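I have placed the structure first, in the form of C-alpha cells, so that the comments after it can refer back to it.
The values are calculated or read from the model by the stated rules, or taken from the named source; none is laboratory data. Source: prediction; values computed, not measured. Positions of Cβ are backbone-derived with ideal geometry, glycine not excepted, and every protein chain shown enters the neighbour counts. What goes into the accessible areas is simple: the full protein's heavy atoms, side chains included, and nothing from ligands, DNA or RNA. Shrake-Rupley method; radii C 1.70, N 1.55, O 1.52, S 1.80 Å.
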Amino acid sequence: SRSEVDRVLIDTRLRPLPQQLIPSGGGGEEPGQEPGWNLSIIGADRVWRELGITGAGILVGQSDSGVDGSHPELMDGYRKLGSTDAYSWYDPWNYSTTPVDVGGHGTHTLGSVLGNRVGVAPDAEWIACVNLGRNLGNPAFYFDCMQFNFAPFPRDGDPLRDGKPEYGAQVLNNSWGCPPIEGCDPGALQAGVAALRAAGVFVAASAGNDGDGGCGTVADPPALYDEVFSVGAVDSDGNLASFS
C-alpha cells in the first residue's frame, strides 16, 4: 500500500537438486574451414574480409547457463585479469569460481557470438554470469548479471561499492527471455536495460522461441524493449525459424 511501490513481482527459485548435475558436452562435430551459411547470410565474412573487423578490442558480457571455459572455441577469448576470475566470472546460482556450464546453452550461444571458427566476432573477448540455473531464472538474477557484466565485482564483494565499470563489457548478449512463470511482467527489466543503454552498452537479446506465431510472439523482456537490439533466426533459405 506504500505510494512508492508500483507492483510486487514474485522472485521464483528452484528447489535444489539431490545431487549436482554433470556439465553437458558438445556433439563433437568439427566446424568446416569455410564460414557457415549462418555467418555468410548476415555478411559477417564480408565484414572480416572487406573491413578487417573481427571483434578485436571488444568485450562481450554473456548472461546464460554458464560457459565451458575449456571449450576450444572459447578458452582463448576469456578475459582473465592476471590469476583471478574475480572480475570475469560470477555465478549467483551455484557459486562456482571458474567458468562452467551445466546445461550447455550458454556455451552454444557464446560460440555463435565469438567462437574462433563459428562466431561472428572471433577476436572479441568475453566475461560471463550465470543467470539461468537449469535453464530457468528470475528477475533478481537477471538484474545481478546485468550489473556484473556492466560493473564486475569480486565474488564476495559488494556490487555497489566494489563494482568496476572500467572492467565491464561494451556488448551484452542475452539469449533468453523472462516469462511470467519466472516472475517477470513486460516491464520487469525495463529500468535495468534503460540504464545500460544510457551508459552506452549495446544490449542484444533473442526474440523468443515462438516464430510460427509471427512477430506478435515477442512478448517477454528484454527483447520487447526499444533499448534492446532483438535478434530472430532464419534458416538457410531465409525463412523465419519456428524456434525464434
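Here are a few things to note about the model shown:
- Accessible area of the stretch 145-235 belonging to carbon and sulfur atoms, whole % at 1.4 Å probe: 55
- Directionally averaged projected area (convex hull, Cα atoms, the stretch 164-215), nm²: 4.7
- Entry comment: accessible area of the chain is 55 Å² per residue, from protein heavy atoms only and a probe of 1.4 Å.
- Net +/- balance of residues flanking Leu9 in space, Cβ distance below 12 Å, scoring K and R +1, D and E -1: -3
- Most simply put, the chain has about 15% antiparallel DSSP beta bridges, counting only bridges with both residues inside it.
- Label selected from [x] 51; [y] 39; [z] 68, the criterion being percent of Cα pairs over 26 Å apart as computed here: [y]
- Computed over the stretch 110-244, relative contact order equals 18 percent, with contacts defined as Cα pairs under 8 Å that lie 6+ residues apart.
- Among 122-134, 161-173, sorting by the average number of other beta carbon atoms lying within 10 angstrom of each residue, highest first, gives 122-134, 161-173.
- Full extension of the chain between Asp237 and Leu9 yields a length gain of 77.9 nm, computed as 0.36 nm times the residue separation minus the alpha carbon distance.
- Global dimensions of the stretch 29-68 from alpha-carbon coordinates: Rg and Dmax equal 13.1, 35 Å.
- Kirkwood Rh and Cα Rg combined as Rg/Rh, the stretch 108-244: 0.97
- Cysteines in the chain lacking a second Cys C-beta under 4.7 Å: Cys215
- Take every Cα pair under 8 Å whose residues are at least 6 apart in sequence, average their separation, divide by the length of the chain, and the relative contact order is 19 percent.
- Counting protein heavy atoms only, the stretch 90-142 has 54 percent of its accessible area on carbon and sulfur, 1.4 angstrom probe.
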